[in-house]
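The values are calculated or read from the model by the stated rules, or taken from the named source; none is laboratory data. None of these values were measured; they are calculated from a predicted model. Methodologically, a virtual Cβ is constructed for each residue, glycine included, from the backbone with ideal geometry; neighbour enumeration extends over all protein chains shown. All accessible areas refer to the heavy atoms of the entire protein, side chains included, with ligands and DNA or RNA removed. Shrake-Rupley method; radii C 1.70, N 1.55, O 1.52, S 1.80 Å.
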Amino acid sequence: LLDWKQYAVEPKQQQMIDRMQALVTSNDNPEALASKIKHLQEQWKSISRGFDGQEHWERFHLLAEQAYQPCKLYFTEQAAVRVANLDKRRALVAQLTEYVTAQPWEIEDGQTMDWALVEKLIVTAIRQWQSYATTERKGNKLVQDEFDQILASMRKKLHEHREKNSQGKQQLIDQALQLSDMEDNRQAIDNIKQLQIQRKTIGQAARSDEQKLWRAFR
């Protein structure tokens, strides 16, 4: 039985050695190459169980290590990229936090705030965050939560500002409608001009309301 097993296993082992030899000079991408190496190693274990073929194993193992070298280098580089991207995400969160903390959000008239910049920062931050997508999952969760929270805070402030602008523009529409009943047309025209000036001082309303409010006012 032992002789029969040796007769059956050795040719298969030699075939697998030849296949591993071919992988040493393979042009496959590192991930595909690593998968093929692992598959061959699993096959070797399966057919060699209970069979003592040290010489063949040493040859196969040496070739596997040689074939895996490009994969090892690639995965090492990828690990470094994941660490670097996580650091970049942390830096991005720190920058956003510093910006949000420094802004005069509670100013009543809101005129000291550059709301167009706030919107641009949100869009830019998301794009930049996505460019650092390859990160360590374990370390990324906390940073992701912080990023989501600070973006939610910025969106909330922007939404509240635009809602306030929508209300202000609606009030101008209501005042314009009342002017239609004035008997003094000249005074009505002067008042309309004043309303037009006031409207220019009001920032952008909510996107869903802006065009509708403008048409109504016009």
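For the range 43-53, does any single residue satisfy the condition of being within 30 Å of the chain's Cα centre (by Cα), surrounded by fewer than 16 Cβ atoms within 10 Å (Cβ to Cβ), part of a helix (DSSP H, G or I) and at pLDDT 85 or above? No, the range 43-53 contains no residue that is within 30 Å of the chain's Cα centre (by Cα), surrounded by fewer than 16 Cβ atoms within 10 Å (Cβ to Cβ), part of a helix (DSSP H, G or I) and at pLDDT 85 or above.
Those residues that are among the hydroxyl-bearing types (Ser, Thr, Tyr), open to solvent by less than 50 Å² (accessible area, probe 1.4 Å) and within 17 Å of the chain's Cα centre (by Cα), I need them from the range 127-181; list them, please.
132, 135 - these are the residues of the range 127-181 that are among the hydroxyl-bearing types (Ser, Thr, Tyr), open to solvent by less than 50 Å² (accessible area, probe 1.4 Å) and within 17 Å of the chain's Cα centre (by Cα).
Please go through the range 190-215 and pick out each residue that is in a helix (DSSP H, G or I), β-branched (Val, Ile, Thr) and modelled with pLDDT under 85. Of everything in the range 190-215, just one residue is in a helix (DSSP H, G or I), β-branched (Val, Ile, Thr) and modelled with pLDDT under 85, namely 201.
Of all residues in the range 113-128, those being assigned to a helix (DSSP H, G or I) and either among the aliphatic types (A, V, I, L, M) or in contact with a helix residue (DSSP H, G or I) (Cβ under 9 Å, 6 or more places away or on another chain) (or both) number 11. Within the range 154-174, residues that are at pLDDT below 90 sit with their Cβ atoms under 7 Å from residues that are open to solvent by 70 Å² or more (accessible area, probe 1.4 Å), at 6+ positions apart or across chains, in these pairs: 162/204; 165/204; 172/198. Criterion applied to 62, 86 was being modelled with pLDDT of 90 or more and more than 31 Å from the chain's Cα centre (by Cα), and the one residue passing it is 62.
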